[in-house]
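Step one of this worksheet: look at the structure below.
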Amino acid sequence: MNNNKQFIPINRPDFNNEDIELYLKFKYGLYKENCKINELEERFSEYLGGEYEVVFTSSAKMSLYLLLKFINNKGKVLSTPLTCFAALSPIIANSLNIHYSDINTDDFNLDSSLIKNTKLEGIDSIILNYFGGSPFDINEIIDYAKRNNITIIEDCAQSLGGEIESRPLGSFGDHSFFSFTKHLSLVGGGLLASKNKSLIDRVRKYQSQLPPVPINLLDYRLKRDIIEKNLGDKAFNKSYEINFLSKQNEYEEKDPRTNFLKTSVLSKPIDLQAAVILNQFERLFDMIDRRWRNAKELTEKIKTIKSINSQKIFGQSAYAKYYIKTTRPNKEIINYLNYNGIDAKQLTKSHGFYMQLPINETKYYYDSSIENCNVYMKMFNSILELPLSSNMDKDEINYIAKHLKRLFNE
Ligand SMILES: Cc1ncc(COP(=O)(O)O)c(C=O)c1O
């Protein structure tokens with residue numbers, strides 16, 4: 001890491017004092033439960049247009065895990081290979097197989113022409129995963145799914161607030177799920193939405209018997225988010241280095257089945273989380289607006305670098321993440337940027353490491369369909385995520401652009 005003031009996190013959490021106060025009240029036993037879970041669920045059902053029954057969960061992972069547990073589909077689940085393992089682990093944890101379909105070189109999302117032109121055998125569900133929060137051409141996939149009696153699940157973990165023609169992502173499929181750890185911060189949480197009310201009733205009943213989200217996980221998130229919000233300040237940089245960067249090591253593959261037995265994953269959310277999320281949800285579209293402006297400015301600044309292409313954005317992206325592809329190995333660029341105080345990652349969101357294994361080299365995520373995903377294979381070593389925050393300033397954007405230009409000699 002560089003020794004001057006600069007340290008730019010991949011995403012600077014955007015919370016305010018009221019959010020912290022709520023948390024501290026809770027911590028010191030002064031928080032009064034106030035049906036915030038019901039309120040959040042109602043607010044979300046309204047946001048999705050009223051057609052969906054929704055249940056608040058402890059994470060996006062748990063939402064997909066619970067959905068697949070109660071949906072009773074036994075066939076394969078079609079997914080993009082270009083995603084973090086957190087998006088795939090609930091499928092494996094349910095002992096289902098994944099069929100990988102290749103991606104598009106421009107928007108990095110599923111290539112819909114491949115799906116509609118291929119005869120897919122044994123697929124029960126298709127997951128529409130909006131890479132970085134950016135929508136893509138989903139109409140043909142949805143038509144194909146309807147004709148073939150395939151369930152559409154929208155993974156909106158990165159795309160809360162994104163839209164296609166003014167309609168929110170998450171309101172196109174049979175089911176959808178969200179994460180409150182990308183745009184929103186401090187407390188985590190997720191949400192499952194479905195057009196099938198009895199399925200949500202069963203999920204709710206099962207979830208009610210789980211232990212509540214562990215307090216030490218909430219404490220960890222609070223500490224991490226406060227440190228990340230204040231990066232750039234010397235003391236916080238040091239604390240980040242000690243707490244997170246020092247733990248940076250090679251990615252180690254874990255069995256998703258055992259992961260879903262841990263109480264940090266298999267738990268139910270609490271009222272306090274819903275209260276903090278409700279507060280932040282009111283500011284979501286303002287945050288997205290500012291993310292959009294910063295993404296646009298960063299794109300302008302780096303578009304002259306011939307060896308870099310920014311992700312092509314269609315529709316109204318939620319701008320959870322800013323992705324580029326380059327002609328140099330991403331690992332090399334990530335190391336260079338990190339050294340200069342700029343966080344950068346490949347696909348994973350974890351704070352310990354920044355590269356995943358390619359799916360063809362994994363033990364738990366492998367399926368032979370990955371061998372046909374040539375674009376994914378090529379892109380695996382060339383895409384990376386640059387910092388993008390609602391509260392980035394111009395100096396930070398200039399600093400990132402300057403270092404990328406320097407690296408590429410432009
Ligand atoms: C596309 C996608 N799906 C699911 C998840 C899991 O989200 P959560 O951390 O809320 O379980 C992530 C998290 O990184 C993600 O990026």
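The values are calculated or read from the model by the stated rules, or taken from the named source; none is laboratory data. Predicted, not measured: the structure shown is a model, and the values here were computed from it. So basically every Cβ, Gly included, is an ideal-geometry build from the backbone, and we count neighbours across all protein chains shown.
For this structure, a couple of remarks:
- All positions within segment 189-200 that are surrounded by 13 or more Cβ atoms within 10 Å (Cβ to Cβ) and not in a strand (DSSP E or B): 189, 195, 196, 199, 200
- Given (1) out of contact with any strand residue (DSSP E or B) (no Cβ under 6 Å at 6 or more places or on another chain); (2) under 30 Å from residue 94 (Cα atoms), index of the condition residue 231 fails: (2)
- Top-ranked residue in segment 186-225 [being of a type in the set (A, V, I, L, M, F, W, C) and over 30 Å from residue 240 (Cα atoms); ranked as nearest to the ligand (Cβ to nearest atom)]: 192
Rundown of residues vs (1) out of contact with any Cys (no Cβ under 8 Å at 6 or more places or on another chain); (2) closer than 22 Å to residue 51 by Cα; (3) without any contact (Cβ under 8 Å) to a residue 12 or more places away in the chain; (4) in the same structural domain as residue 291 (by TED's automatic domain parsing), yes/no style:
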{"residue": "180", "(1), (2), (3), (4)": "yes, yes, no, no"}
{"residue": "183", "(1), (2), (3), (4)": "yes, no, no, no"}
{"residue": "187", "(1), (2), (3), (4)": "yes, no, no, no"}
{"residue": "229", "(1), (2), (3), (4)": "yes, no, no, yes"}
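- Pairs with Cβ under 7 Å, 6+ apart, first in segment 38-49 and touching a residue at least 12 places away in the same chain (Cβ under 8 Å), second part of a loop (DSSP other than H, G, I, E, B) and surrounded by 16 or more Cβ atoms within 10 Å (Cβ to Cβ): 45/52; 48/170; 48/171; 49/171
- Spans of strands (runs of 3 or more DSSP E) in segment 50-151 with at least 2 residues within 23 Å of residue 162 (Cα to Cα): 53-57, 76-79, 123-129
- Filtered by the rule that a residue be within 26 Å of residue 311 (Cα to Cα) and more than 16 Å from the ligand (Cβ to nearest atom), segment 124-143 gives 137, 139, 140, 141, 142, 143.
To keep it simple, each residue is scored yes or no on (1) under 30 Å from residue 202 (Cα atoms); (2) within 15 Å of the ligand (Cβ to nearest atom); (3) free of Cβ contacts under 8 Å to residues at least 24 places away in the same chain; (4) not assigned by TED's automatic domain parsing to the domain that holds residue 167.
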{"position": "65", "(1), (2), (3), (4)": "yes, yes, no, no"}
{"position": "73", "(1), (2), (3), (4)": "yes, no, no, no"}
{"position": "84", "(1), (2), (3), (4)": "yes, yes, no, no"}
{"position": "87", "(1), (2), (3), (4)": "yes, yes, no, no"}
{"position": "90", "(1), (2), (3), (4)": "yes, yes, no, no"}
{"position": "94", "(1), (2), (3), (4)": "yes, yes, no, no"}
{"position": "99", "(1), (2), (3), (4)": "yes, no, no, no"}
{"position": "109", "(1), (2), (3), (4)": "no, yes, no, no"}
{"position": "122", "(1), (2), (3), (4)": "yes, no, no, no"}
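- Looking only at residues of segment 151-165 that are touching a residue at least 40 places away in the same chain (Cβ under 8 Å) and away from the ligand (no atom under 14 Å from the Cβ), we find that the one that is surrounded by the fewest Cβ atoms within 10 Å (Cβ to Cβ) is 165.
- Residue within segment 11-33 that is away from the ligand (no atom under 16 Å from the Cβ), among the basic types (Lys, Arg) and surrounded by 19 or more Cβ atoms within 10 Å (Cβ to Cβ) present: yes
- Listed by position, the helices (runs of 4 or more DSSP H) contained in segment 294-410 that have at least 1 residues being touching a Pro at 6+ places or on another chain (Cβ under 8 Å) and within 22 Å of residue 109 (Cβ to Cβ) are 374-379.
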